[in-house]
Amino acid sequence: MLLALDTSVGEPDPKDVIAARLGVSGEILRLVAKRFAETGGDVRATISRKKRELPPVPSPVTGEVEARLIAWRVHSHQPGMPDGRCGCWKNMSSSPRTSRTWTT
């Protein structure tokens, strides 16, 4: 993409022709050219991804929420239940191909 836009070897083709040849939109071509100009002509900086400062969506589970959930689970163990399970899940057969099913 950057080579097709290079003006040091002569006049490049129109941007819509380059975009069609490369199979990208004209907007993508414009953004790449803009990033190239913003990075001062640094090809590596142009083609590398920017590192995010924060995740796209903050996690609703904070350390405090996770600690409360673990404490709740540990203290809600009911004696007499096998492996601490409620008994709602049962193996229908001993075959490994059979999945667990919900029973009421």
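Tabulated data
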quantity: In segment 1-58, the trypsin sites (Lys or Arg not before Pro) that fall in loop regions by DSSP, at most 12 other Cβ within 10 Å; calculated: Arg49, Lys50, Lys51, Arg52
quantity: Backbone HN-Hα couplings from phi across segment 43-48 [Karplus 6.51/-1.76/1.60, Hz, Gly and Pro as x]; calculated: 5, 4, 5, 6, 8, 7
quantity: Within segment 1-78, GluC sites (Glu not before Pro) in DSSP loop having at most 11 other beta-carbon neighbours inside 10 Å; calculated: Glu53
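Since every read-out is calculated from the coordinates, none of them should be taken as a lab result. Not measured: the values here are computed from a predicted model. Note that we place each Cβ from the backbone using ideal geometry, even for glycine, and neighbour counts take in every protein chain shown.
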